[in-house]
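Below: the structure, in structure tokens.
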Amino acid sequence: MSWWKEVVVYQVYPRSFMDSNGDGIGDLNGIIQQLDHLQALGIDVVWLSPHFDSPNADNGYDIRDYRRVMAEFGTMDDFDRMLAGLHERGMRLIIDLVVNHTSDEHAWFVESRSSRDNPYRDFYIWRDGVDDGPPNNYPSFFSGSAWTLDERTGQYYLHYFAEQQPDLNWENPAVQGEVFDLMRFWLDKGVAGFRMDVIPFISKQPGMPNLTSEELRHPDRVYANGPRLHELLQTMYREALAPYDAMTVGEAFGVTPERMPLFVDADRHELSMIFNFDVVRLGRHHWRKAAWTLPELKAEFTAIDRAAGEHGWATSFLGNHDNPRAVSAFGDDRPQWRVASAKALATLVLTQRATPFLYQGDELGMTNYPFTSIEQYDDIEVKGLWRTLVDTGKVPADELLHHLAFTSRDHSRTPMQWTAGPHGGFTTGQPWLAVNPNHHEINAADQLADPQSVFHHHRQLIALRRAHPTLIHGTFHDIAPAHEQVFAYTRTTDRERLLVVINMSSEAVAFELPDGLAAGRTLLASGGSAPTTGTTSLGLAGWHALVAEVAEVAEVAGPPPNA
Ligand code: TEU
Ligand code: CA
């Protein structure tokens with residue numbers, strides 16, 4: 001059995017986790033100080049967002065040196081102590097592999113741009129312009145063209161993200177060799193695997209023709225579908241991963257569930273699992289807030305489960321550092337529903353046939369930040385939108401601000417809320433991004449002391465998952481796919497059948513279980529009480545969530561005599 005199927009992963013965004021030296025920026029010693037928090041929660045694996053040397057145009061997703069630690073985060077010694085601290089507590093570490101692109105300050109790019117015949121020229125993608133413009137109409141995810149003209153050599157280089165993030169040329173075997181080398185460097189240190197940033201983008205389209213107007217709506221789907229992608233992933237697996245039994249999770253932006261088996265079927269030897277974005281992006285299209293319905297969300301969970309099939313494996317998550325807070329996007333972050341909806345979402349994420357990924361602060365039910373003005377934002381994506389949409393008069397400022405208040409990546413990047421004290425106990429200095437003022441109500445210290453907290457609900461669900469392998473491996477069956485408010489499913493193995501029922505709304509609802517199903521012993525309930533054993537009709541309070549055994553058919557009470 002692959003070890004990574006049975007783990008719960010917790011993502012640490014180091015810049016915002018814990019600051020140990022008062023400079024306002026989270027760091028590796030800060031993580032070390034909070035390892036007991038992670039152990040108390042019961043997670044098995046930490047995914048660390050980039051900790052490498054970087055000029056931080058995109059908070060570390062622009063790497064200058066893959067073998068150095070970002071100075072603001074600490075030293076290689078700190079990294080080694082953090083890794084040892086995790087291992088002592090029975091946890092593993094996966095790190096972020098960002099190799100679709102580097103920083104423009106990486107030595108390879110500095111060489112590459114210096115002249116057309118530099119040996120590193122071919123490490124990146126250089127083209128002549130067309131008619132005084134870029135080589136084609138590819139857009140960058142951070143606004144504007146994906147091409148920047150470099151005056152020195154008169155050619156354009158490709159960057160799917162910021163111009164400070166030039167794309168590597170994976171057609172060049174020397175690039176592949178360098179990447180496999182750096183992967184082995186970290187695996188030899190004892191990291192257990194990688195989260196792979198936009199990994200489907202590494203194979204470019206031959207000739208890079210212009211995108212059609214339809215393709216321009218979803219350039220990620222074209223970028224993620226290059227012809228050499230699977231060959232490259234298989235080579236990477238053979239060269240760098242297989243000898244280490246590493247866990248890998250590909251950030252598969254642009255990959256729909258139908259194509260997921262190509263990445264995760266075990267006999268293909270590519271990746272352990274991928275992040276599919278169809279669920280997490282339901283509430284937004286690019287920067288715009290979008291409407292979604294529960295049946296749509298449920299259909300995505302079923303599609304992902306089917307795509308994982310018998311030979312693959314999936315991930316389950318509702319947020320990360322690129323998305324708003326899960327409670328604000330999928331729950332109800334108003335004070336009266338915040339706790340119940342955070343628990344309901346935890347129940348959803350932690351009872352899937354998939355490896356669950358929690359994002360830092362999810363275990364506290366942290367919410368979106370009440371942003372009101374452009375000055376409060378930090379993200380390069382937001383700045384690009386402002387420059388290209390508002391400054392040019394294409395979109396009124398208040399319209400963009402209205403949408404960003406729901407969709408911006410900065411919501412998830414505000415610092416962890418450790419205490420009710422100044423700056424939420426994150427720093428003794430000035431935090432690089434403001435702490436959410438609701439840290440007085442939402443913080444780790446209070447929640448650890450309160451057995452009814454969102455934190456303890458996560459802890460209990462993680463323990464329940466461990467105690468009931470059915471919650472990991474059992475087949476998934478949505479028993480009410482069309483229901484507008486309730487997400488209800490069974491998880492079944494030869495030995496056990498469990499029922500999960502979640503009211504995904506703040507309205508109370510009477511939910512009838514389908515024929516042949518009755519609730520047995522309740523294993524965990526939140527937002528309302530446990531149902532009586534044998535009942536087939538559940539009175540659910542708003543955001544009520546249950547994990548129960550399915551009662552034996554014989555145990556199901558018949559109709560009352562005079563009904
Ligand atoms: O994200 C790539 C990605 O697909 C996004 O979700 C991206 O943030 C979005 O398109 C912006 O709207 C990865 C990283 O997770 C992200 O933080 C980086 O900015 C990006 O790659 C570039 O490395
Ligand atoms: Ca610091």
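The values are calculated or read from the model by the stated rules, or taken from the named source; none is laboratory data. Here the structure is a predicted model, which means the values were calculated and not measured. We place every Cβ from the backbone using ideal geometry, glycine too, and count neighbours over all the protein chains shown.
Which is β-branched (Val, Ile, Thr), crowded, with 24+ Cβ neighbours inside 10 Å and at pLDDT 95 or above, of THR428, THR414?
Result of the check over THR428, THR414: THR414.
For THR302, the conditions (1) buried (at least 20 other Cβ atoms within 10 Å of the Cβ); (2) under 19 Å from GLY474 (Cβ atoms); (3) among the hydroxyl-bearing types (Ser, Thr, Tyr) all hold with the exception of (1).
Take the conditions at pLDDT 95 or above, in the same structural domain as ASP80 (by TED's automatic domain parsing), among the aromatic types (Phe, Trp, Tyr) and in a strand (DSSP E or B) and apply them to PHE194. Does it pass? First the steps, then the outcome.
Numbers: at pLDDT 95 or above: yes; in the same structural domain as ASP80 (by TED's automatic domain parsing): yes; among the aromatic types (Phe, Trp, Tyr): yes; in a strand (DSSP E or B): yes.
So PHE194 fits the description; yes.
Within region 403-440, the set of residues being touching a residue at least 40 places away in the same chain (Cβ under 8 Å) and part of a helix (DSSP H, G or I) comprises HIS403, LEU404, PHE406, THR407, ARG409, ASP410, HIS411, SER412, PRO437, ASN438. For region 345-360, the criterion of being within 19 Å of SER506 (Cβ to Cβ), away from ligand 2 (no atom under 16 Å from the Cβ) and of a type in the set (S, T, N, Q) is met by at least one residue.
When region 70-89 is filtered for residues that are part of a helix (DSSP H, G or I) and either within 16 Å of ligand 1 (Cβ to nearest atom) or touching a residue at least 40 places away in the same chain (Cβ under 8 Å) (or both), the ones remaining, listed by number, are GLU72, PHE73, ASP78, PHE79, ASP80, ARG81, MET82, LEU83, GLY85, LEU86, HIS87.
The residues of region 210-251 that are farther than 27 Å from PRO134 by Cα and either among the aliphatic types (A, V, I, L, M) or within 14 Å of ligand 1 (Cβ to nearest atom) (or both), listed by number, are LEU232, LEU233, MET236, ALA240, LEU241, ALA242, ALA246, MET247, VAL249, GLY250, GLU251. Tallying residues that are free of Cβ contacts under 8 Å to residues at least 40 places away in the same chain and among the β-branched types (Val, Ile, Thr) within region 164-189 yields 0.
Residue count for region 305-331 under the criterion of being more than 17 Å from the chain's Cα centre (by Cα), of a type in the set (D, E, K, R) and buried (at least 20 other Cβ atoms within 10 Å of the Cβ): the result is 1.
Screening region 11-69 for residues that are more than 20 Å from VAL382 (Cβ to Cβ) and β-branched (Val, Ile, Thr) and picking the one that is nearest to ligand 1 (Cβ to nearest atom) gives ILE63. Checked against (1) surrounded by fewer than 18 Cβ atoms within 10 Å (Cβ to Cβ); (2) closer than 21 Å to ALA346 by Cα; (3) within 21 Å of the chain's Cα centre (by Cα), ARG409 passes all but condition (1).
Of the residues GLY26, GLY42, GLY22, GLY60, the single one that is of a type in the set (Gly, Ala, Ser) and more than 22 Å from ALA434 (Cα to Cα) is GLY42. Within region 360-380, the presence of at least one residue that is in a loop (DSSP other than H, G, I, E, B), closer than 20 Å to ALA444 by Cα and of a type in the set (Ser, Thr, Tyr) is confirmed. In this structure, ASP446 does satisfy being in contact (Cβ under 8 Å) with a residue 12 or more places away in the chain and among the charged types (D, E, K, R).
So which strands (runs of 3 or more DSSP E) are wholly in region 90-163 and hold at least 1 residues that are without any contact (Cβ under 8 Å) to a residue 60 or more places away in the chain and charged (D, E, K, R)? Break it down stepwise before answering.
Numbers: elements: 92-97, 147-150, 155-158.
By residue number, 147-150.
Give the residue, chosen from LEU182, LEU168, LEU187, LEU211, that is within 30 Å of TRP287 (Cβ to Cβ), assigned by TED's automatic domain parsing to the domain that holds LYS383 and under 29 Å from the mean Cα position of the chain (by Cα). The match here is LEU211.
Among the residues of region 406-425, write down those that are away from ligand 1 (no atom under 16 Å from the Cβ), more than 12 Å from GLY361 (Cα to Cα) and of a type in the set (A, V, I, L, M, F, W, C). Hit for region 406-425 is ALA420, nothing else. If you filter region 332-357 down to residues that are touching a strand residue (DSSP E or B) at 6+ places or on another chain (Cβ under 6 Å) and of a type in the set (D, E, K, R), you find that the one that is surrounded by the fewest Cβ atoms within 10 Å (Cβ to Cβ) is ARG353. For region 438-458, indicate whether the set of residues that are over 27 Å from LEU524 (Cβ atoms) and in the same structural domain as LYS343 (by TED's automatic domain parsing) is non-empty. Looking through region 438-458, at least one residue is over 27 Å from LEU524 (Cβ atoms) and in the same structural domain as LYS343 (by TED's automatic domain parsing). Exactly one residue among ASN29, ASN21 is surrounded by fewer than 23 Cβ atoms within 10 Å (Cβ to Cβ) and touching a Lys or Arg at 6+ places or on another chain (Cβ under 9 Å), and that residue is ASN29.
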